[in-house]
Amino acid sequence: MNGMPRLALARLRTTRSALVLGAVAVGSAVYGAGDPDAAIDALPEAFREAVWLRDVEEFSYAEIARIVGVPIGTVMSRLFYARKKLQIMLKDV
């Protein structure tokens with residue numbers, strides 16, 4: 001993520017989303033073991049925002065819903081799909 005501090009990236013890599021690092025091609029981009037920030041950048045903005053607020057800033061689902069202005073179920077859905085996309089982009093081929 002552009003401008004994301006390295007400490008925050010390290011923390012995001014070890015959060016409950018349990019990313020499996022490897023290398024996989026998605027579209028025309030290749031994401032590898034050393035480049036999870038590129039995979040995060042590839043997420044839609046709403047997904048990136050949800051992942052950042054939950055896994056880095058450690059806000060609760062209810063807090064994220066208030067911050068973003070969406071129902072709590074939408075927050076849960078965005079996190080689920082964002083984590084699945086990250087797992088696909090970063091898993092071993």
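The numbers here are math on the coordinates, done by the rules we state, and not lab data. On a predicted model such as this, the values are computed, not experimentally measured, just so you know. Please note: Cβ atoms are built from the backbone with ideal geometry, for glycine as well, and neighbour counts cover all protein chains shown.
Across region 52-67, coupling constants 3J(HN,Hα) worked out from phi with the 6.51/-1.76/1.60 Karplus curve, θ = phi - 60°, read 4, 5, 7, 8, 9, 7, 6, 6, 6, 4, 5, 5, 4, 4, 5, 4 Hz, and Gly and Pro carry x. Cβ-Cβ distance of Ala42 and Glu63, R₀ of 25 Å, FRET efficiency by 1/(1 + (r/R0)^6): the value works out to about 0.45.
So, by mean Cβ neighbours within 10 angstrom, what's the order for 80-86, 56-62 with the highest one leading? List each step's numbers first, then the result.
On the way: 80-86: 17.7, 56-62: 13.6.
Highest-to-lowest ranking by the protection proxy: 80-86, 56-62.
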